[in-house]
Each structure stands twice: as C-alpha cells, then as structure tokens.
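A short write-up of the structure that comes next.
The values are calculated or read from the model by the stated rules, or taken from the named source; none is laboratory data. Since this is a predicted model, take the numbers as computed values, not measurements. Neighbour counts run over all protein chains shown; Cβ positions are idealised from the backbone, glycine included. Heads up: the accessible areas ignore ligands, DNA and RNA and are worked out on the full protein's heavy atoms, side chains in. Shrake-Rupley method; radii C 1.70, N 1.55, O 1.52, S 1.80 Å.
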Amino acid sequence: MSHRRLLLVLVAVVIWAGTGGAGAGVAQIDQPGKVRYDGHKLLRVQVASSRDQLTLDAIGARLWTCGGTGVGPVDYSVPPDALQALDLAGIKYAILQNDIQALIDAEAAHIAASNQQRGLSWFADYKDVDQISAYVDSLVAQRPDLASRFIVGLSLQGNEVYGIRITSTVGSNKPAIFLNGLQHAREWITGMTTIYIADRLVRTYDSDTAVHALLDHFEFLIVPVVNPDGYIYTWSTDRLWRKNRRNNGDTTFGVDTNRNWGYQWGQLPQGGSSGTTSSETYRGTAPFSEPETAILRDWVTARPQIIFHVDVHSYSQLVLSAWGYTSQLPPDAGLFDVMNAGIAQAILAVHGVTYVAGPTYTTIYPANGVSSDWTYGDRNILGWGMELRDTGQFGFILPAAQIIPTAEEVWGGISWEANWLIANALYIRIPGGPVTAITPDAPTTFPVELFRASQLPTPGSLRLFARIGASGMFTQSTPSSAGANQFTATLPGAPCGQSVQYYLEAQSTAGLTVDYPTGGASARLVATVTNTTSVFSDDFETNMGWTAGVTGDTAVSGQWVRADPIGTAAQPEDDHTPAPGTQCYFTGQGTVGGAVGQADVDGGRTTLLSPRLDLAGRTNPVIGYWRWYSNNQGSAPGADILVVDVSGDDGVTWTRAETVGPTGPGTTGGWLYHEFAVSSLVTPTANIRVRFIADDSGAGSIVEAAVDDFRVTATVTCPPVCPADWNHSGSLNSQDFFDFLTDFFAGNADFNNNGTTNSQDFFDFLTAFFAGC
Ligand code: 0X9
Ligand code: ZN
C-alpha cells in the first residue's frame, strides 16, 4: 500500500468513526470522498428477534429496505467478514449480491462510456448520400422530441434534398440558424461536418448544458447535402466533380449552384462567375435556374425566423462574410467584423488551427450569385460562407482522420456565434470604447454603433440617457445619425470634478429593449470630468510639422503622404476627421479606380515622424490617434505590421507603443482609435517624438496604413466641487434649494451617496448649503 493510499484509508476510518460508523463496517476508499464496498454483500435476512437486530447493528449491517419493521425478511448490506458472525448467531439469510463494489464499478463504467464517447465511430469515414440520409433518420429516431426530418424538395435528377430540424420543446417562435453543406459535390468534409453538428446537438442536449441552452433558444435547420446529384456522382464516377449534374445541351454538364443564387447574379461577370457552360463557376441560364437553389430559396423565404446562415465549403480555412459580388463593405460591416473575429478565434481555440476571416470578395475572391449574398442581401439574414480544412495539402481529399477535429472546430465557431447572438439580440457598440474622462463645461460627443443580430432595430429608437452626478433623473437625448449603423451621441457639459453618468438604449422591431451596458441605469457608465487639457491636436488638415520619410526607410513605393485619400479595399476613401475635414496621412496615393495594390507599401518600411512635442512637467500626458491598417488583401495576407514608437530624447532612442498585426484586430482596414499614457513608456520631456512605421517585409502582400486626428492631452487639477450647487450652475443660490427639494420629493436626492434618499440627505444638504458649500 502506498503512503497516499494508507493516508486515505486512515482518513476514511476517521471520517467513518466520526460519523458513527461501526469499526467492523469500515469501507475502503480509493479517492477522497469516494467510499468503496469491496466484498460487501447484499443479504436478504430473516430477522426473528430484537436480539438478531442487535447482532446486525453490531456487525455494521446497513438497512436497504425502506419502511421495514425490523422483523421478517429485510435487505441489508454487510461488510465482507460479517457472514461468520451471522452464522454463529443462527441468523438466516440469502446472499443477493456477492460484491457491491462490482455493481458500483459496472454502473460507473457504463455512465463513463456513454458520457465520454457518444459513439463517434460513424465519423471515422466519409459517408455517401444514403448513409447520411440514414444517419439523419437515426438521430430523429433517437430523439423525436428534439429532431425531425424535413424535405426541402427534389434535385434536378429527382433526389431528395432533406434536412434535420433540431430544437427543444422549451420556448416557441425561436430564431433559427441555417447550416448547409455540399453545394459543391467534392467538398466531402462539409457533409460530415454539418451532420456532426446535428449529432452533437441531438445527442448531447441532456449532458451538455451549453448545447441544452442553445436548443432552448434556437431552432437549428441543417441541410447536409444541397447537391445530391453531384455528390452521388463524386462517389460513382468523378471524385472531383463540383457542380450539379445539369445537362447543358452542349456536351457539357453542370451549373455551379453557388453562382446561381438570385442576388446580384452575374454581377461583374469578369471573374465572379462564368457564362461559359464548361466553366467550374458556370452560373446557369438565369438566377435560380437550378432546382437545388430554387427549392432552397422558397424554403428559406417561408422561414423568416432564420437569422443566421452558414454555407459550408472546403477548402482553405476561411470564414467569409458579405459581400462576394463586390468589394464594397456591407451595411453591417462592423457587425461582421466583430463576428468574424469571434468565430475565427473560437475555431482557433479548439485545435489551434487558423481560419482567416473577412469579406468573401477580398478574402477568397470575387464570387457573385453565392448563397450567402442572397440570404443576407435578399433575406436580411446574417449570411456566411466557410471554407474548412485544409489549406491544400490534401485539399478536397481531406484524410478521414481529420473529420472529427475539423467538425469539432467548426462547431466551436458556430456555437460561439450562436451564443454571441443570444447575448446580442441587438448590439450597441461604442467603437472607441466608453468615454471615461471628459473636459469641463463642454458637451462631449462620441460615436455609437447599433447593429442587428438576432433582431432588427426600430429606426430612431437609439437613446442616450445621461445625468450629472450620482443622483437625479437621467435626461434622454437622441444620438444623431452618422451613417447606416453609426450615430453620434452627446454627453452634457459638467463642472470640473463632477462626473457624468450615462447609458444607451434601443428597441428592436420585435419589442425588445436593450441597454448598453446591460442593466441600463443601474449599470451606467461614468465619465469623470477632469480638467484634461489639450496639449497638441492635429487633424492633418494643415501642415503642423510632421516628416514623411526618414533616413533608413527602405520602401520603394507607398511612402507616407498627407492628402485626401482615394479609397481601395485596403485604403480609406475618407479621412477620420468629421466634415469639412478631408485630409490625413496615409501610405501612397493611387488613382481613382486603381487596383488595390496600386501605391501600397512595397519593398520595406516607410516612417511618419511627429514634430517635437513638449510634455515636460505635464501630469499624465496621453497620446491618442485614429489609425487605419490593412494587410489582409492580395496574396500572402497577414504578413506585415504597423508599429508606433515614442521617444523621450528627440528620436535618439525609441520605445514601442503598439504593434498592429501581422494578424488579428486592426489588420483589415477601418478607422480605429488607440491611445497610450506617455509616462508608462518614457519620461515626459520637452523632446517627445512619435513615429508610425508601415513595414512591407512579408512577401507579396498589400500593405496600407493611415493616421488621423492625432492629439496629446494632459490632466490638470480641478478646483473643489461644491456639492450643494445642486443644479451644477457654478454658483450657490436659492434655485439649488428648490431643485434639491424637487428631487428630494421625487426620491432622487441621494446627497450623501449612500444609495438611498432619506432625511439624512436633507440634513446633509442643508448643512452644506448654509455652510456655503
Ligand atoms: O467559389 C466558391 O463558391 C467558394 N469557394 S469553393 O472553393 N468552396 O468553391 C467561395 C464562396 C464562398 N461561399 C459563400 N460566401 N457563400
Ligand atoms: Zn465550395
């Protein structure tokens, strides 16, 4: 016996004795808190007298039969060595079970087996169209309370396009998530993956609380094989067949169903789809000319509860949002960015496999008539495409050993997204982060975004609620519109030393009210009014002494310039400064309509150097700026970085303030704000410099950077606030008294900030008022 085992037995003895257990009945344990019953027997005992009863008690027998009188046949468990004592006492018994521990072990093994492996052997190999269909039936048979089979319609050759609907009986009118695989016949992993997700939902509803919650909230609609004719053909004849099996009447076969959907069908035909029948991306004779797309169109249209769609493809490991038909960003670009990043991160977290996320057009290639452009553009569904493993080593012939890991990581992404949708039915976002510090006596504006997720926002419903100080009523205002989902909210001016409390609220068309932060008034945000003073502020509309290009720069094109930028997929079309501002610094001006790679940074680094900034003696100087960076276009995306450095000795030595990229947030374009406290990096001297370096040292990629609205602020101390100046007018007079009384009788005058308004607030206010503050 090891020391550890001995110790545990001793502990068990102590526990057993301490709980009144008889010494003779000590059961063995092999892990803390787990009692063992090796050799313990289950007996049916004829108890003839109270003397028999005493004997049983003495040997540590434990009663199993509930409600027994203590006389007649009663079931007991007894320790291994107890039978002799019973025999000696002449007590009659029958042995029901010889080893209770063996029973317990068998039960535990059974539970463990069914918990841990839910029999995933079906996923050990690729399955054909009939096997997938049969598996759908078996899932439905296992849990008819959760799953049902539905028919979307018939393919061109009359094969059934079917699906599985999975949801729990909890709730009603639930939003739906639609997943489909195998539009493209040879992308076998996509059928297995969508079925795996169905399997996971059906078979772990009882054991996995996360799955349970998802099925209580959503309806999952999964169509594993959109293109059965093509899929059958890949098993029978040509493993690498992509399209459906349309006879094009000219000796060629097949329409690419993922070019046949009727949103911007055939738009920008050069490259986005083909009119040539033999092409792999032949779009067909008309939108929805193919039964496979037409039946899905009708089926989706009849199900307005669908809010999210993923069209699953392989391969390349990509997460693809709208649009496929154009490089223009969609109205929900901000929402897609947030979800793209979350999905890719959740996928990565499962097996460490990287999926690159971004708009379809720029992340994979131009593609029009794709399913997700139609679900998003025509049906207002958040539509995605996804390309699964691998990145080309095996391509479409992905080894079967990768079925389960691939499906697991895709489930990681999809379930993350589903949970995100639950948490964000409507999604209010402050892109620059909540305002936490504002300058005295002047209104402060900040940008707000309002996105739809599982519900649509009611137009004009966004409100800002704000109040000065920690008590009193919140006053509401309507943020002004600043683009599709963008708004500008305005916090009221307040005296130095005060705080402004605020929250945002919006309604969905379905009647839901959402707050930011969640909890609204009770979770309000706080902006402290500090006497932040502007030390330096440059919107780049005029020349304030920056240097574009320094000795040691190696870039051969795309050097920093200050101008009104001409936009591409990689470079902003507009500067960040609100109108009438137009100019910013950016890396290389191209021509209108020029290619994405025109005048991007090539061949090395280009530096933008700030003028000398005098921060000597400043308290908590903060440098902030809006930046744009894109390295995800073209070939070899995600290879390059933008760095920002700060120097306290006029550029002799440099300290890194931030690195953007090579992958992750801020590498896919868009204006983003960043700030840093100077003192955390260098001593604020009279010779502070900042530099921005865009560096193209990775191969083949397109690198563009831009900077705007650069500013330096510092803190100065506020004069003490006068709390009895109840209306924050800056002077103490009878109006404060009346305003206080009004708030007091409305229950909104927590003068002493103790959480409630009561008579103590009244006395404290009076004291302060008559004391002159
Ligand atoms: O070309 C396609 O249709 C997709 N790539 S694939 O290699 N699987 O053929 C890309 C389009 C992605 N699909 C959607 N965005 N729906
Ligand atoms: Zn595909």
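Taking region 344-355 as the range and being over 23 Å from residue 195 (Cβ atoms) and either within 16 Å of ligand 2 (Cβ to nearest atom) or more than 13 Å from the chain's Cα centre (by Cα) (or both) as the test, the residues that pass are 352, 354.
Every condition in (1) over 23 Å from residue 575 (Cα atoms); (2) open to solvent by 10 Å² or more (accessible area, probe 1.4 Å) is met by residue 675 except one, and the failing one is (1).
Evaluated against (1) more than 21 Å from the chain's Cα centre (by Cα); (2) more than 14 Å from ligand 2 (Cβ to nearest atom); (3) modelled with pLDDT of 95 or more, residue 341 falls short on exactly one condition, (1). Residue 623 meets each of the listed conditions (1) within 35 Å of the chain's Cα centre (by Cα); (2) of a type in the set (A, V, I, L, M); (3) outside any strand (DSSP E or B) apart from (3).
Restrict the check to region 402-423 and report whether at least one residue is at positive phi and within 16 Å of ligand 2 (Cβ to nearest atom). Full working, then the answer.
Just the residues of region 402-423 that are at positive phi, to begin with: none.
Within region 402-423 (the criterion being at positive phi and within 16 Å of ligand 2 (Cβ to nearest atom)), the answer is no, since none of the residues qualifies.
The residues of region 353-379 that are more than 30 Å from residue 509 (Cβ to Cβ), modelled with pLDDT of 95 or more and near ligand 1 (Cβ under 9 Å from one of its atoms) amount to a single one, 367.
Condition first: open to solvent by less than 40 Å² (accessible area, probe 1.4 Å) and in contact with a Pro (Cβ under 7 Å, 6 or more places away or on another chain). Now tell me which residues in region 433-467 satisfy that. Show your work before the answer.
Taking region 433-467 as the starting set, the residues that turn out to be open to solvent by less than 40 Å² (accessible area, probe 1.4 Å) are 433, 435, 438, 440, 442, 444, 446, 448-454, 457, 461-462, 464-467.
Of everything in region 433-467, those that are open to solvent by less than 40 Å² (accessible area, probe 1.4 Å) and in contact with a Pro (Cβ under 7 Å, 6 or more places away or on another chain) turn out to be 440, 448, 449, 450, 454, 462, 464, 466.
The strands (runs of 3 or more DSSP E) falling completely within region 515-595 that include 3 or more residues that are in contact with a Phe, Trp or Tyr (Cβ under 7 Å, 6 or more places away or on another chain) and modelled with pLDDT of 90 or more map to 560-563, 584-587. Annotation: residue 353 fulfils all but one of (1) more than 13 Å from residue 417 (Cβ to Cβ); (2) touching a strand residue (DSSP E or B) at 6+ places or on another chain (Cβ under 9 Å); (3) open to solvent by 10 Å² or more (accessible area, probe 1.4 Å); the unmet one is (2). Among the residues of region 269-288, are any under 27 Å from residue 150 (Cα atoms), outside any loop (DSSP other than H, G, I, E, B) and open to solvent by 10 Å² or more (accessible area, probe 1.4 Å)? Scanning region 269-288, I find no residue that is under 27 Å from residue 150 (Cα atoms), outside any loop (DSSP other than H, G, I, E, B) and open to solvent by 10 Å² or more (accessible area, probe 1.4 Å), so the answer is no.
Considering region 380-397 alone, what residues qualify as being within 13 Å of ligand 1 (Cβ to nearest atom), assigned to a loop (DSSP other than H, G, I, E, B) and open to solvent by 10 Å² or more (accessible area, probe 1.4 Å)? Within region 380-397, 389, 390, 391, 392, 396 meet the criteria. Do you know which of the residues in region 214-242 that are polar (S, T, N, Q) and open to solvent by 20 Å² or more (accessible area, probe 1.4 Å) is farthest from ligand 1 (Cβ to nearest atom)? In this case the residue turns out to be 236.
Put simply, of 329, 335, 320 the only residue that is outside any loop (DSSP other than H, G, I, E, B) and more than 16 Å from ligand 2 (Cβ to nearest atom) is 335.
Total residues in region 637-674 satisfying the condition of being more than 18 Å from residue 710 (Cα to Cα), among the hydrophobic types (A, V, I, L, M, F, W, C), in contact with a strand residue (DSSP E or B) (Cβ under 8 Å, 6 or more places away or on another chain) and in a loop (DSSP other than H, G, I, E, B): the figure is 2.
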